[in-house]
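Following: one structure in structure tokens, then a few remarks.
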Amino acid sequence: MDTEEYRITKILNNNVVLALQHGKEKIIFSRGIGFKGHVGSTIGNDMTIEKIFSLDDKENSNRFNELIERVDGSIVGLCEEVIYMIDKELGEELDEKIHIALTDHIAFTLMRLKENNEITNPFLIETQTLYKKEFEVAKKVISVLEKRTGIDIPDGEVGFIALHIHSARNKGKLSNTIKCAFITSSIAELIEDEFRIHIDRDSLDYARFIIHVQFAIKRLMSNSPIKNGLLDTIRKQCSESYKVAVKAAGLIENELGIKVVPDEIGYIAIHIEKLRSAS
């Protein structure tokens with residue numbers, strides 16, 4: 001790597017700078033680089049670069065530059081250090097949109113918390129169950145943010161950050177990630193209303209239900225539903241749960257625009273019956 005090709009355009013903090021290489025935006029992480037360099041200088045051969053993130057998409061590059069115009073550079077730098085940590089924890093390529101989406105989210109969150117304005121996360125349990133790895137990494141992110149800013153960050157933010165991490169692992173598809181959590185939570189509320197029960201969101205049965213709904217949605221979206229040889233038995237023996245499962249299928253169809261076949265409805269009914277029996 002010819003480090004002299006990188007010309008610093010902005011210093012975010014002691015460890016993170018922005019640079020250009022052949023007209024492309026780069027985010028460069030190196031211990032002490034903000035001390036040694038200055039805007040307009042090239043990165044010398046004596047500097048050990050630990051990580052280079054590229055913003056190859058022109059739209060992403062433009063959005064990132066708009067972001068750093070309105071967000072304090074030290075916050076952007078902190079977010080980039082956090083993204084570097086996520087990258088190391090997961091050991092895989094992240095979608096470059098994370099530099100915009102996660103930074104924007106964290107900056108807005110810190111501003112809200114300074115104003116004592118907390119937003120409740122309605123999908124915390126679902127997110128923790130569906131995206132265990134992302135959730136564990138998100139907890140480490142929160143720890144870094146609290147240590148560096150001195151701001152107490154509520155548990156709900158772990159879930160929000162986990163969703164952003166999951167999105168970055170899946171080509172930026174945050175909307176589908178949120179939809180899955182929203183659908184599962186909505187079905188749970190439907191079950192509670194229909195049977196006038198309270199579902200323990202921390203129970204093993206609920207965790208299994210969440211995972212089943214997630215995989216059912218994936219199968220339906222890929223047009224590969226599974227066969228249910230017990231469908232007729234389920235309809236007879238779990239008739240009330242099956243009726244609610246039909247309504248749950250309606251929620252899925254309305255949100256995702258896909259048809260939920262009776263075989264999948266039958267399996268959803270089994271999980272509803274378990275939740276109903278446990279409550």
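On a 0 to 90 degree scale, rounded to 10, what angle separates helix 58-70 from the longest Cα axis of the chain?
Helix 58-70 sits roughly 70 degrees off the main axis of the chain.
Tell me, how many Å apart are the Cα centres for segment 195-232 and for segment 24-78?
Segment 195-232 and segment 24-78 have Cα centres spaced 44 Å from each other.
If you build a Gaussian network model of the chain, linking Cα atoms that sit under 10 Å apart, which residue out of Cys238, Cys79, Cys180 swings the most?
Per the Cα network of the chain with a 10 Å cutoff, Cys238 tops the list.
Does segment 175-278 come out rounded, prolate or oblate, given a ≥ b ≥ c as the square roots of the eigenvalues of its C-alpha gyration tensor, rounded meaning a/c under 1.5 and, failing that, prolate meaning a/b above b/c?
Oblate, because a/c is 1.5 or more while a/b does not exceed b/c.
Kindly provide the helix-only [θ] at 222 nm of the chain, computed as the sum of -39,500 (n - 2.57) over DSSP H runs of four or more divided by all residues, to the nearest 500 deg cm²/dmol?
Using -39500 (n - 2.57) per qualifying helix, the result is -20000 deg cm²/dmol.
How do Val17, Val213 rank when sorted from fewest to most other Cβ atoms within 10 Å of their own Cβ?
Ordered from fewest to most neighbouring Cβ atoms within 10 Å, Val17, Val213 come out as Val213, Val17.
Could you calculate the contour length gain from Ile211 to Lys139, that is, 0.36 nm times the residue separation minus the distance between their Cα atoms, to one decimal place in nm?
Extending this stretch completely gives an extra 23.8 nm.
Ordered by residue, what ³J(HN,Hα) values in Hz, to whole numbers, does segment 101-108 give under the Karplus form 6.51 cos²θ - 1.76 cosθ + 1.60, where θ = phi - 60° and Gly and Pro are x?
So the J values, rounded to whole Hz, are 5, 6, 4, 4, 5, 5, 4, 5.
To the nearest Å, what is the center-to-center distance of segment 102-129 and segment 233-279, using C-alpha atoms only?
Segment 102-129 and segment 233-279 have Cα centres spaced 32 Å from each other.
Stretched out fully, how many nm does the piece from Arg70 to Lys24 gain, at 0.36 nm a residue minus the Cα gap?
Fully extending the segment from Arg70 to Lys24 adds 14.4 nm.
Using the 10 angstrom Cβ neighbour count as an exposure proxy, how do Thr177, Thr42 rank, fewest first?
Least to most surrounded, the residues fall as Thr42, Thr177.
Taking a ≥ b ≥ c as the square roots of the Cα gyration tensor eigenvalues, with a/c under 1.5 meaning rounded and otherwise prolate when a/b beats b/c, else oblate, which class fits the chain?
Prolate.
Can you sort Thr103, Thr233, Thr129 so the residue with the fewest Cβ neighbours within 10 Å comes first?
Thr233, Thr129, Thr103
For the chain, with a Gaussian network of springs between Cα atoms less than 10 Å apart, report the residue from Gly77, Gly40, Gly156 with the top mean-square fluctuation.
With Cα springs under 10 Å in the chain, the top fluctuation among Gly77, Gly40, Gly156 is at Gly40.
Multiply the residue gap between Asn254 and Glu146 by 0.36 nm, knock off their C-alpha separation, and tell me the result in nm, one decimal place.
34.9 nm
For segment 99-205, what class follows from the C-alpha gyration tensor (a ≥ b ≥ c being the square roots of its eigenvalues): rounded when a/c is under 1.5, otherwise prolate if a/b is larger than b/c, else oblate?
prolate
In segment 228-279, which GluC sites (Glu not before Pro) are in a loop and have at most 13 other Cβ atoms within 10 Å, using DSSP for the loop call?
none
FYI, it's all coordinate maths here, none of it is from the lab. From a predicted model like this one, the values you see are computed outputs, not experimental measurements. As a convention, Cβ positions derive from the backbone with ideal geometry for all residues, glycine included, and neighbour counts pool all protein chains shown.
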